[in-house]
Amino acid sequence: MDVQGKTAVITGGGSGIGRGIARCLAANGMNIVVADIEQAPLDEVVAELEAAGTAAIGVRADVSDLSQVQALADAAVGRFDSVEVLCNNAGVGLSAPIAQTSIEDWRWTLDIDLWGPIHGVHVFLPLMDAQGEGHINSTASMAGLYCTPSLGAYNVAKHGVVALMATLERDLRLANSKVRASVLCPGPIDTNIVDSQRNREPASAAEHIETEAGEKFWNLLTRSLAEGMDPDDVGPLILDAVVNQRFWILTHPDMARVTLDQATTMLEDRTLTR
Ligand SMILES: NC(=O)c1ccc[n+]([C@@H]2O[C@H](COP(=O)([O-])OP(=O)(O)OC[C@H]3O[C@@H](n4cnc5c(N)ncnc54)[C@H](O)[C@@H]3O)[C@@H](O)[C@H]2O)c1
């Protein structure tokens, strides 16, 4: 796709990876619709993009709510007439062993991390099909390819996102659609995800069960993310996938080799050891 003058919608664009994607696509001539649940960072990104000469709007939207995702699409089309790129990027994470994962934790994580991308595909795919052009990218994670302990709800959601996008890519190809799909599976990126609960309803957050194992894993993760990739370095990978029709986007391809270990243990009928 030639992205110049086209329009991209980026959910979770107020911070981290989404903000980096917005900056990169804007620098390459796209109009930008930034969506986020947090108003202040949303306003900040839009002001930054506009100051750099990009046509941009911000839409406050909770991706776990289908009607808000529909309103996001309406606002984007209302302002720019079409949407050629959608990045289903908004996401949250928390850590707890499955035995101590509350139903509220399951719902909160799956509602945003899995239902968010499902809503995005459901709303934007017909629009792109009718346009005869489009690209839908969703942000999964290495946790969509391999299961680390103490991250059950997140692993389930992100495996779901990989399945959603891999199936969509095949469906689109079989239907000779002009719409393309891709999935981003980042390794550690230095963002605000460790502070995900900032956007959570207090009643739902109160149900979170703190455990020693969960906290230990989260501290490990926090340290690894702080040393992780600059989120601004992810945008060019998305641009490349859109322009060159790539499906898999891995920020740390070497880490993905762990999936080979997983496949080997399955074929050899062994229990996973790490
Ligand atoms: N940071 C990493 O190392 C890493 C690794 C793998 C995957 N990811 C994924 O990358 C994506 C972006 O996360 P990030 O690391 O940039 O974190 P971040 O917290 O910096 O950004 C996430 C953004 O999503 C927004 N958001 C949260 N809930 C929302 C909702 N219900 N509706 C709309 N917006 C919402 C937040 O306000 C925030 O602006 C997520 O899907 C995350 O799971 C991150």
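Just one of (1) modelled with pLDDT of 95 or more; (2) more than 8 Å from the ligand (Cβ to nearest atom); (3) aliphatic (A, V, I, L, M); (4) assigned to a helix (DSSP H, G or I) fails for Ala143. It is (2). Taken over the stretch 248-274, the criterion of being touching a strand residue (DSSP E or B) at 6+ places or on another chain (Cβ under 9 Å) and among the hydroxyl-bearing types (Ser, Thr, Tyr) is satisfied by Thr251 alone.
Pull up the stretch 88-108, narrow it to residues that are touching a Gly at 6+ places or on another chain (Cβ under 7 Å) and crowded, with 21+ Cβ neighbours inside 10 Å, then point me to the one that is nearest to Ile37 (Cα to Cα). By that ranking, first place goes to Ala90.
Among the numbered conditions (1) out of contact with any strand residue (DSSP E or B) (no Cβ under 8 Å at 6 or more places or on another chain); (2) touching a residue at least 12 places away in the same chain (Cβ under 8 Å), the only one that Gly18 does not meet is (1).
Scanning the stretch 92-126 for residues that are within 12 Å of the ligand (Cβ to nearest atom) and of a type in the set (Ser, Thr, Tyr) returns a single hit, Thr109. Scanning the stretch 146-191 for residues that are away from the ligand (no atom under 15 Å from the Cβ) and part of a helix (DSSP H, G or I) yields Ala163, Ala166, Thr167, Leu168, Glu169, Arg170, Asp171, Leu172, Arg173, Leu174. Name the one entry in Pro97, Pro126, Pro117 that is touching a residue at least 12 places away in the same chain (Cβ under 8 Å) and over 14 Å from the mean Cα position of the chain (by Cα). Every option except Pro97 fails the conditions.
Among the residues of the stretch 127-134, are any within 16 Å of the ligand (Cβ to nearest atom), within 16 Å of Met165 (Cα to Cα) and at pLDDT 95 or above?
no
In this entry, Leu221 is excluded by the filter for residues that are free of Cβ contacts under 8 Å to residues at least 40 places away in the same chain and surrounded by 10 or more Cβ atoms within 10 Å (Cβ to Cβ).
Taking the listed residues Ala52, Ala76, the one that is within 24 Å of Ser177 (Cα to Cα) and touching a residue at least 24 places away in the same chain (Cβ under 8 Å) is Ala76, with no other qualifying.
Out of curiosity, is Glu201 away from the ligand (no atom under 15 Å from the Cβ), loosely packed, with under 14 Cβ neighbours inside 10 Å and of a type in the set (Asp, Glu)? It is false that Glu201 is away from the ligand (no atom under 15 Å from the Cβ), loosely packed, with under 14 Cβ neighbours inside 10 Å and of a type in the set (Asp, Glu). Quick one: in the stretch 227-241, of everything that is surrounded by 15 or more Cβ atoms within 10 Å (Cβ to Cβ) and out of contact with any helix residue (DSSP H, G or I) (no Cβ under 8 Å at 6 or more places or on another chain), which residue is farthest from Gly187 (Cα to Cα)? Filtering first and then ranking leaves Ala241.
Condition first: within 14 Å of Phe247 (Cβ to Cβ) and either crowded, with 23+ Cβ neighbours inside 10 Å or touching a helix residue (DSSP H, G or I) at 6+ places or on another chain (Cβ under 9 Å) (or both). Now tell me which residues in the stretch 140-176 satisfy that.
The answer is Ala140, Gly144, Leu145, Val161, Val162, Ala163, Leu164, Met165, Leu168, Leu172.
The values are calculated or read from the model by the stated rules, or taken from the named source; none is laboratory data. Quantities reported herein were computed from a predicted structural model and do not represent experimental measurements. Virtual Cβ from ideal backbone geometry, glycine too; neighbours counted across all protein chains shown.
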